[in-house]
Amino acid sequence: MHFFSMQHSHLRLLIPLIVCLWQNSLFAQTVTFQKAVGGPGNDIAYDILETADGYLLAGESEDTASSRSVAVLIRTDKQGAVLWQKKYDQFDSGGFYRVATANDGGFIAWGALRNYNVNHTDAVLVKLDDAGNLVWHKIIGETGFSEFASGQIIPMQDGYILSGEKTKPGYFQSFVTRVNNDGETIWSQFTPS
């Protein structure tokens, strides 16, 4: 009887050990590369898109001279070498929070722009070519409100679905907007405030 108890207690230790070893091999990941990109200020990547030949990072970079954030996209190859880095400083301040492949080539970026003159933020949808050059941009905003591109961008066959939030003091609504391939609004839906 004592011999069976000893074997049984060893078996109880062996089973969790096998499970732990199996889990470690199942969930183990190998780091392919690790790179730091950016400038002297604070740089934040909010989203990453895998492309056929590498990656596209979307985020914001702090302009140390003005202490304002600038929307930025960084394209890399599969090993993380920077192919191009574009800052979109034609906007007052802001960042890109989501990026997707555009239906007609290039990329679509979904972000927010802050206008310091009127203390107001608008969501912005930006179409870029493969080299990151601005093709067009559409402001999604309403006077008296701040809109934030805090949600998703979902490519559809003939456009995109965007989500975010609309706020002003004492007021908050989530929104979903459907736009065509040119960024023109087809419809918008809001949650009750």
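Values quoted throughout were computed directly from the atomic coordinates according to the rules given, and no laboratory measurement underlies them. All values reported here derive from a predicted model rather than from experimental measurement.
Rounded, prolate or oblate for region 39-148? Axes are the square roots of the Cα gyration tensor eigenvalues, ordered a ≥ b ≥ c, and the cut-off for rounded is a/c under 1.5. Here region 39-148 falls in the oblate category.
In this structure, the pairs whose alpha-carbon distance is over 20 Å, taken from Lys86/Lys168; Lys127/Lys168; Lys127/Lys166; Lys87/Lys138; Lys87/Lys168, are Lys86/Lys168; Lys127/Lys168; Lys127/Lys166; Lys87/Lys168. Amide H contacts under 5 Å for Arg68: Asp63, restricted to partners 5 or more places along the chain or on a different chain, H placed in the peptide plane at 1.01 Å from N. Between Trp136 and Gln157, the contour length at 0.36 nm per residue exceeds the alpha carbon distance by 5.6 nm.
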